[in-house]
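Following: one structure in structure tokens, then a few remarks.
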Amino acid sequence: MRAPVLGSALVALTLAAAASAEPGGAAICWGLGNAGQLGDGRSGDTAGGHFSPVPVQVLAPAGGVALQFDTLSAGGMHVCGLAAGRPFCWGSNGYGQLGVPKYYSGMSAAPVPVTTDGLGGGAAPVPRIAAGSFHSCLLDAEGAAYCFGHNYGSMLGTRIPGEDQNEASGSFEVATPSRVLSSPSFADISGGLVDYTCALTEEGAAYCWGTGEYGQLGDGRNGTGHASWEPVAVLGGHRFVALDAGSTHGVVCAVDDGGQVWCWGTGSTGELGDGRCNFEDFYEERAARCSDSAHLSNTPTAVVGNHRCQTVTAGYAMHKTGRQK
């Protein structure tokens, strides 16, 4: 479903590091490694923390052989990938986002296999995996969605309480993949920054679940307290070929089958690309260009301009990038 990545390498970005798969599939990372997200066996436990300004090769899993990755996805402080259909993650595990039965002292500086017991499709390869900021999700061979990690804002799509349940806030953590409630059959999935997740069906219909305060569920609703434990259909009847829930708080972007980019959620600093914004809270000198207070859209809004794109990436620094045809 997702448009093919052009070129010979796959690149994914965490909030403070980068990961890439070389043509042969070996994963390399560079940047900050305090939470083990470089996968080189080191973390910030050493004096002065850990970082690398040059690429370092991700280690093999404990007792295993070096992995050849087909795809990589980077979250806030962790990275996940698929090697011959087998899911692996490394980095921060403070919320169970690595998908292992027991926490690895809050992190793992080398890939660990995600627990796949209970997934549909038996031993069939996992086709998709996505890392969010504090959670991760994957699809099984039948297209059912499973998520694990922090359930803040219902972004795991489950009511099953896991470890460290917080009754006061309604949030809890699940350390192994838990099936998303009422999950349709999906072809692709993307984890958002903090509190939501989105996915695409084979037919190109978009669904989102989690918090919708800023309209990021795309279901025509927003406001404090709006959330959904189950996937809700994004309105508009669009047929999307690529989607990214991104790492900016509260915005999702997708490309339809005609190359038009659509975004929904918060647009205070122009993230929606619809020519509207509200800079008043950020840059007073630019307020004259942005007159819409707390601008948002709870349904897909078209990015302006005569652009036709293949893919879209929702970035952390309040910007979106599309690859034109």
Selection over segment 90-117 where residues are buried (at least 24 other Cβ atoms within 10 Å of the Cβ), among the hydroxyl-bearing types (Ser, Thr, Tyr) and part of a loop (DSSP other than H, G, I, E, B) yields a count of 1
Hits in segment 119-141 - residues which are out of contact with any strand residue (DSSP E or B) (no Cβ under 9 Å at 6 or more places or on another chain) and of a type in the set (A, V, I, L, M, F, W, C) | ALA123, ALA124, ALA141
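Scan segment 206-226 for residues that are more than 12 Å from GLY250 (Cβ to Cβ) and surrounded by 19 or more Cβ atoms within 10 Å (Cβ to Cβ) and jot them down. Can you show your working first?
First, pick out the residues of segment 206-226 that are more than 12 Å from GLY250 (Cβ to Cβ): 206-207, 209, 219-221, 223-225.
ALA206, TYR207, TRP209, ASP219 - these are the residues of segment 206-226 that are more than 12 Å from GLY250 (Cβ to Cβ) and surrounded by 19 or more Cβ atoms within 10 Å (Cβ to Cβ).
Here are ALA109, ALA123, ALA131, ALA141: which of them is closer than 20 Å to ALA83 by Cβ, among the aliphatic types (A, V, I, L, M) and at pLDDT below 90? Quick ask: steps written out before the conclusion?
Numbers: ALA109 fails: at pLDDT below 90; ALA131 fails: at pLDDT below 90; ALA141 fails: at pLDDT below 90.
The conditions single out ALA123.
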Of all residues making up segment 251-280, the number that are buried (at least 23 other Cβ atoms within 10 Å of the Cβ) and modelled with pLDDT under 85 | 3
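Look at segment 49-89 and say how many of its residues are of a type in the set (Phe, Trp, Tyr) and either part of a strand (DSSP E or B) or at pLDDT 95 or above (or both). Please lay out each step first, then the result.
Narrowing segment 49-89 to residues of a type in the set (Phe, Trp, Tyr): 51, 69, 88.
The next check asks that each one be either part of a strand (DSSP E or B) or at pLDDT 95 or above (or both); those that pass are 51, 88.
Looking only at that region, the number is 2.
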Specify the residue that is surrounded by the fewest Cβ atoms within 10 Å (Cβ to Cβ); the eligible residues are those in segment 60-82 that are free of Cβ contacts under 8 Å to residues at least 60 places away in the same chain and under 18 Å from TYR146 (Cβ atoms).
-> LEU82
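The values are calculated or read from the model by the stated rules, or taken from the named source; none is laboratory data. Quantities reported herein were computed from a predicted structural model and do not represent experimental measurements. Glycine also receives a Cβ, built like all others from the backbone with ideal geometry; neighbour counts cover every protein chain displayed.
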